[in-house]
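*Asks:* The structure follows.
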Amino acid sequence: MSDTSDHQPDDNIDLVDLISLFIHDLRVPTNNGLGYCELFQSEIPLSEEKQREFQKDISRQLEEISRLLKEYQPRLQNKLR
């Protein structure tokens, strides 16, 4: 998937930096998904093929967000202990 994070959080990183990385990594798939949703809500006519393509793209963006949540959750929990 092309929207994966470019870096792996290090266990030695401090909490503030880890949260900053997390927010940065979530921004791309979130903004992409919102952009596709805005296209659906616009007055621009979309073919069925284009609609299916956008639906798949939205699904991929949501899968990326889910992956990032799974990746960061244990690291954030460890930092809070």
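Quick note: the coordinates plus some simple rules give every number you see, no bench work behind them. Note that this is a predicted model, so its numbers are computed, not measured. Every residue, glycine as well, gets a Cβ built from its backbone with ideal geometry; the counts of neighbours run over all protein chains shown.
*Asks:* Explain nothing, just compute: Karplus ³J(HN,Hα) = 6.51 cos²θ - 1.76 cosθ + 1.60, θ = phi - 60°, for every residue of the range 28-38 in order, whole Hz, x for Gly and Pro.
*Replies:* These are the phi-based 3J(HN,Hα) values: 5, x, 5, 5, 4, x, 5, x, 5, 4, 4 Hz.
*Asks:* To the nearest 20 Debye, how big is the dipole of the range 15-80 about its Cα centre, given +1 on the beta carbon of each Lys and Arg and -1 on that of each Asp and Glu?
*Replies:* Computed about the Cα centre, the dipole is about 360 debye.
*Asks:* State, to one decimal in nm, how far the label point of Asp57 lies from the label point of Leu26, with both points 7 Å from Cα in the Cβ direction.
*Replies:* 2.3 nm
*Asks:* Roughly how many nanometres apart are two label points built 7 Å out from the Cα toward the Cβ at Ser47 and Leu69?
*Replies:* 3.5 nm
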